[in-house]
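Encoded as structure tokens, the structure appears first; notes follow it.
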Amino acid sequence: MKNNCFNLVAPLSTPASRWGATRFASGLGLPAICLLTALSLQPARAQTRVTVSGTIKDAKTGEDLTGATVRIVELPGVGTGANAYGFYTLTVPAGTYTVETSFVGYQPQSRKLTLDKSQRLDFKLGSGGQELGEVVVTARSSQAGISKAQAGVESLDMRQVAKVPVLFGEKDVIKTMTLLPGVKTAGEGSSGFSVRGGNVDQNLILLDEAPVYNASHLLGFFSTFNSDAIKDLTVYKGGMPAQYGGRLSSVVDIKMKDGNNQELHGSGGIGLIASRLALEGPIVKDKGSFLVTGRRTYADVFLKLASDEQINDASLYFYDLNAKANYRLSERTRLYFSGYLGQDVLGISAFGSTYGNQTATLRLNHLFTDQLFSNTSLIYSKYDFGIRITASDQDIAIDSKIQDWNLKQDFEYTPSASQTFRFGAQGIYRTITPGRISAAATSDVNSTPDKTNHSLETAAYLSHEWKATEKLDFTTGLRLSGFSLLGRGDYSTYDAAGNVLATNHYEAGDFVKTYFRLEPRLAASYQLSEQTALKAGYARNVQNLHLLSTSAASSPTDLYIPTSLNVKPELADQLSAGYFRQLGANGAYSLSAEVYYKWLQNQLDYRDNTRLRPGTDVESTLLYGKGRAYGVELLLRKNTGRLSGWVGYTLSKSERQFTDINSGSWFNARQDRPHDVSVVGVYELTPKWSLSGTFVASTGNAVTYPVGKYQALGQTVSLYGLRNADRLPYYQRLDIGATFEKPRAEGKRFQHSWNFSVYNVLGRQNPYIITFETVPDDATRTQALQTALFRMIPSATYNFNF
Amino acid sequence: MKTYSLTRLLAAGLLLLATSACQKVIDLDLREADPRLVIEANLADDGQPCTVRLSRSTRYTEPNTFPPVGGATVTLSDDAGGLETLAATSTPGLYRGASLTGQPGRRYTLRVEADGTAHVAGSTMPTAVPLTGLRAEKSGFGGDNIYLVPEFQDPAGVRNYYLFRQYRNGRLNQSIFLQDDELTDGRANARPLFARNADEADDLRVGDSVRVDMQCVDADVHRYLRTLTQILQGASTATPANPQSNFSGNVLGYFSAHTLRRRSLLVPPL
């Protein structure tokens, strides 16, 4: 298979006559001015220019190929990429050209045509087939990485994730993402993650544009993303494009598959803990398709085998349902619907608990002109958590909820091959119900008042992607974000000690408090050669939704609070720079080195000894401080050949400072792990067998150990010193896997594969938590007890498709 | 309400059953703090004088013997003009008053001067809530475990904080049973004394002779005990902190002026 990566880094040259004015501006180093001049000067200088536009799809399935590239062979440097909907547009002087399109893992295509007027040109690419040496584990950033201004962005697609060994053999795009430098899992088996030293709640996780508030199942051992439904994932670690906002540390943009619009197909799998089934097919061939997937675990089936009556009656499972449909209403208009429903159920005798996410996205793509693409989205997103206790005269329910209604309009305007403008606006109406008890009159507890709050998050943005010269690329953007806390409800102001100063009542429709913040985003890249580029960026992010957790891991009971009279919008300013290089023939290897420094303001933490209960006045328990995080990320990938994969290393620090913690001195954030190494490899042994392995090692999390002990109430009590001044022992794990794929027999629809893996094959007892206690059979001594979660978990998964 | 921590416990427990979690005792190189003064002071309304126990913290790796602190000056006063100096007893580190006794509603101030530094704490003895009965019942969550339910009527409209100590056949259960009426204001109590017993010897059986001491404590003491309990239960919080003492200065411990009510019971067949 021909490798396409190399083509994409060809020098970019733009006809100088046309861009004189904007080049002048760039000489002044004022990208913001460029943006304005480009807007005003561009039309006046146009000669006979034509636009070629269309979609790029997989020939077999009709899936949009986001990120596939299109270039004009005769005009070196003139090229573009397909957007999230597989749409591309290129405006060039009239002429006869060869238009070539390519995408990693697909056979490139080129077509020669005379462009004398604007025209539509759709591509359907065939995949590379089963030959050896196919690209398996690679991220697309290696491909487009050199010529794009954006740094700090990585992509994974499900074909890559499929062979990486994971816990319980349940392939998981979030878990695989945490193997990238700069992304760290919050703990063993956790779906929570920290990006560049940020907190777990500072990641915006989007599933087809809908935020997913708790992306974990079973307390974090699995993510909510069923691999059958997912097409790809892109994570922005820094320099987020202006169309994204709302969280400080990262954007994780996950796209669901569109479904095969050619013919009906099914697939499924039977794993150690869960089974999956998916069905996809055309609604009308070439015009629309659907996809429905389901997954359910059956841990509770095993519980039935237990002899203990209590355990055997227990329920413990989760399920996910994903559905997506799209339909082309006309050549220029396409409608999409995506939905997700997931739920965890946990029950033991009188006690039951459920939690889950629901999202729905309705999108309308419309092409106003060949150069102006529009997307309108109506998005619903909800996360709720509930506990119910029913026993004799007891009937107690505790529930909490966060719910968004989100309307979003995005435009993409591409006046020429070297410029793209994106602009749009968004409004989110959010309702949060903090934990609330509703109890029947006969119950032992009282009901608590409903403290539901409402807020409105708004944003408008403009960004400009611009190839200023052959070597210089800019992306400049500005996002204006607004936040309003709305009535009805009682809202208080507090003094520094957390005592209420004043409480006011607001009626529905009242604006309790409004904040506006400007978020500038800048990214620039300079190509030193065809294979190397230097990049730099700055981004400010604002966050108005805050998650507070009193426990070490993320928990379904974690509490979201909005910005308020006292809680200010969180701010992060990040400066980053990187060096990117492709090595070897056809870009077989790619190397990147990135550095960043991040300032965090208005960070939140609890006062010592805080207890949270339904009805607790949370704001009185909060402390406000700041943070800083900095680091270096090195990544070497092997993109082609029988062996593919990557080696990543991160050296970083993440610290916080609060006046009332550790006497106001800087202390390590919990997720501060200075050294972090990950190695991922997949080896194609034979056409049927492939082997894979991942190795991870890192410094332990920052924790607080006792510095002594004393006696109180007849018991031995640990004495604590400074917060997070100690560390868990280092973490290290090797996972291995093997995949057997039986090639599809001639004329047969049915194909199947086996996946075997062993998690933690070295059986190392990695500390999950360390507790300090009196020795159980010797009251005169104390000890440190380490709990490790998983020692060597083998698993097998059978997959099929037809 | 134990529900929140119960969810986690339950889920973790079930999952661990199904997998291969394992625990081991490890050696850690722990940092060492200078020894700190620990004050445990109690005054009840049972006619007994105030007792104060002074000791020091030690290194974590040493045996559980805590050096008593002698030679301290301990004085107790109340808001009705009462004042006395507590005398050292024959037990090292133990100081006892003689005349001043506890009266509900009164505020007491304890001053401890040791090593040239004075530490002061105040505690208000709450109004006594009568312990009207004691009964044993089986767990509402199934299983054969027996729990005791102290019977009392929580006074409505005021915050009440309770500490229970439980004795089985004369032996004190080390668990600190705490309750408050934040979610149960004005109700007749129905909540059992629930704890994960570390020691099987604390598990109740039919025929046991049991006793429950009920203390009404003030808000500061309750907060101290609550955070103490968290530490004793292990690292249930991500960022453990020392309990907030009601003493001034850099000391550990508490001064509690509380009411004390008792009930005993022979556990009947259930």
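The values are calculated or read from the model by the stated rules, or taken from the named source; none is laboratory data. Just so it is clear, the structure is predicted and the values come from calculations on it, not from any experiment. Reconstructed Cβ throughout: ideal geometry from the backbone, glycine too, with neighbour counts over all protein chains shown.
Annotations for the structure displayed:
- So residue A:298, is it among the aromatic types (Phe, Trp, Tyr) and either touching a helix residue (DSSP H, G or I) at 6+ places or on another chain (Cβ under 9 Å) or under 24 Å from residue A:795 (Cα atoms) (or both): yes
- Residue A:425 vs. criteria modelled with pLDDT of 90 or more, under 30 Å from residue B:181 (Cβ atoms) and part of a strand (DSSP E or B): no
- Filtering segment A:175-194 to residues that are within 15 Å of residue A:700 (Cα to Cα) and assigned to a loop (DSSP other than H, G, I, E, B) leaves A:186, A:187, A:188, A:189, A:190.
- Residues in segment A:373-405 that are within 25 Å of the chain's Cα centre (by Cα) and polar (S, T, N, Q) were compared, and the one that is surrounded by the most Cβ atoms within 10 Å (Cβ to Cβ) is A:381.
- Filter result (part of a loop (DSSP other than H, G, I, E, B) and in contact (Cβ under 8 Å) with a residue 60 or more places away in the chain) within segment A:757-778: A:766
- Residue count, segment A:687-718 (criterion: assigned to a loop (DSSP other than H, G, I, E, B), surrounded by 21 or more Cβ atoms within 10 Å (Cβ to Cβ) and without any contact (Cβ under 8 Å) to a residue 40 or more places away in the chain): 1
- If you go through segment A:89-103 and keep only what is closer than 27 Å to residue A:411 by Cα and either among the small types (Gly, Ala, Ser) or surrounded by 19 or more Cβ atoms within 10 Å (Cβ to Cβ) (or both), you end up with A:89, A:90, A:91, A:92, A:94, A:99, A:100, A:101, A:102, A:103.
- When residue A:287 is tested against (1) over 24 Å from residue A:424 (Cβ atoms); (2) of a type in the set (Lys, Arg); (3) touching a helix residue (DSSP H, G or I) at 6+ places or on another chain (Cβ under 6 Å), just one condition goes unmet, and that condition is (3).
- Figure legend. Inter-residue proximity from segment B:37-58: first residues touching a residue at least 60 places away in the same chain (Cβ under 8 Å), second residues of a type in the set (S, T, N, Q) and in a strand (DSSP E or B), beta-carbon distance below 6 Å, spacing 6+ or different chains. Indicated pairs: B:38/B:55; B:42/B:51; B:42/B:256; B:45/B:259.
- Selection count, segment B:173-185, where residues are at the interface with chain A (Cβ under 7 Å from one of its Cβ atoms) and without any contact (Cβ under 8 Å) to a residue 40 or more places away in the chain: 4
Listed here are the residues, each with its yes/no results for (1) more than 28 Å from the chain's Cα centre (by Cα); (2) among the aliphatic types (A, V, I, L, M); (3) at pLDDT 85 or above; (4) farther than 28 Å from residue A:190 by Cβ.
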{"position": "A:710", "(1), (2), (3), (4)": "yes, no, yes, yes"}
{"position": "A:744", "(1), (2), (3), (4)": "yes, no, no, yes"}
{"position": "A:749", "(1), (2), (3), (4)": "yes, no, no, yes"}
{"position": "A:776", "(1), (2), (3), (4)": "yes, no, no, yes"}
{"position": "A:790", "(1), (2), (3), (4)": "no, no, no, no"}
{"position": "A:793", "(1), (2), (3), (4)": "no, yes, no, no"}
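Per-residue answers, yes or no, for (1) surrounded by fewer than 20 Cβ atoms within 10 Å (Cβ to Cβ); (2) more than 8 Å from chain B (Cβ to nearest Cβ); (3) free of Cβ contacts under 8 Å to residues at least 12 places away in the same chain; (4) not in a strand (DSSP E or B):
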residue: A:737; (1), (2), (3), (4): no, yes, no, no
residue: A:740; (1), (2), (3), (4): yes, yes, no, no
residue: A:746; (1), (2), (3), (4): yes, yes, yes, yes
residue: A:755; (1), (2), (3), (4): no, yes, no, no
residue: A:799; (1), (2), (3), (4): no, yes, no, no
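- Sole exception among (1) away from every other protein chain (no Cβ under 14 Å); (2) under 28 Å from the mean Cα position of the chain (by Cα) for residue A:702, by number: (1)
- Residue check for residue A:671: at the interface with chain B (Cβ under 7 Å from one of its Cβ atoms), more than 22 Å from residue A:791 (Cβ to Cβ), polar (S, T, N, Q) and touching a Ser or Thr at 6+ places or on another chain (Cβ under 8 Å): no
- When restricted to residues that are among the hydroxyl-bearing types (Ser, Thr, Tyr) and surrounded by fewer than 20 Cβ atoms within 10 Å (Cβ to Cβ), segment A:265-297 contains 2.
- Within segment A:455-470, the residues that satisfy the criterion of being crowded, with 18+ Cβ neighbours inside 10 Å and either outside the structural domain of residue A:540 (by TED's automatic domain parsing) or not hydrophobic (A, V, I, L, M, F, W, C) (or both) are A:455, A:457, A:461, A:463, A:464, A:465, A:467, A:469.
- Total residues in segment B:73-121, condition aliphatic (A, V, I, L, M) and over 17 Å from residue B:43 (Cβ atoms): 3
- Only one of A:506, A:515, A:526 that is within 17 Å of residue A:427 (Cα to Cα) and touching a strand residue (DSSP E or B) at 6+ places or on another chain (Cβ under 7 Å): A:515
- Subset tally (residues that are small (Gly, Ala, Ser), more than 12 Å from every other protein chain (Cβ to nearest Cβ) and either within 18 Å of the chain's Cα centre (by Cα) or crowded, with 21+ Cβ neighbours inside 10 Å (or both)) for segment B:237-263: 1
- Counting only strands (runs of 3 or more DSSP E) that sit completely within segment B:67-171, those holding 2 or more residues that are in contact (Cβ under 8 Å) with a residue 12 or more places away in the chain, surrounded by 12 or more Cβ atoms within 10 Å (Cβ to Cβ) and of a type in the set (Ser, Thr, Tyr) correspond to B:73-78, B:94-101, B:107-114, B:117-124, B:161-168.
- Within segment A:330-384, the set of residues being in contact (Cβ under 8 Å) with a residue 60 or more places away in the chain and within 14 Å of chain B (Cβ to nearest Cβ) comprises A:344, A:353, A:355.
- For segment A:137-155, the criterion of being in a strand (DSSP E or B) and either at pLDDT 90 or above or not hydrophobic (A, V, I, L, M, F, W, C) (or both) is satisfied by at least one residue.
Condition check ((1) within 14 Å of chain B (Cβ to nearest Cβ); (2) of a type outside the set (A, V, I, L, M); (3) in a loop (DSSP other than H, G, I, E, B)) across all residues:
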{"residue": "A:537", "(1), (2), (3)": "no, yes, no"}
{"residue": "A:564", "(1), (2), (3)": "no, yes, yes"}
{"residue": "A:596", "(1), (2), (3)": "no, yes, no"}
{"residue": "A:601", "(1), (2), (3)": "no, yes, no"}
{"residue": "A:616", "(1), (2), (3)": "yes, yes, yes"}
{"residue": "A:619", "(1), (2), (3)": "no, yes, no"}
{"residue": "A:628", "(1), (2), (3)": "no, yes, no"}
{"residue": "A:633", "(1), (2), (3)": "no, yes, no"}
{"residue": "A:637", "(1), (2), (3)": "no, yes, no"}
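Condition check ((1) at pLDDT below 90; (2) within 14 Å of chain B (Cβ to nearest Cβ); (3) under 30 Å from residue A:763 (Cβ atoms)) across all residues:
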| position | (1), (2), (3) |
| --- | --- |
| A:204 | no, no, no |
| A:222 | yes, yes, yes |
| A:227 | yes, no, yes |
| A:236 | no, no, no |
| A:246 | no, no, no |
| A:250 | no, no, no |
| A:265 | no, no, no |
| A:269 | no, no, yes |
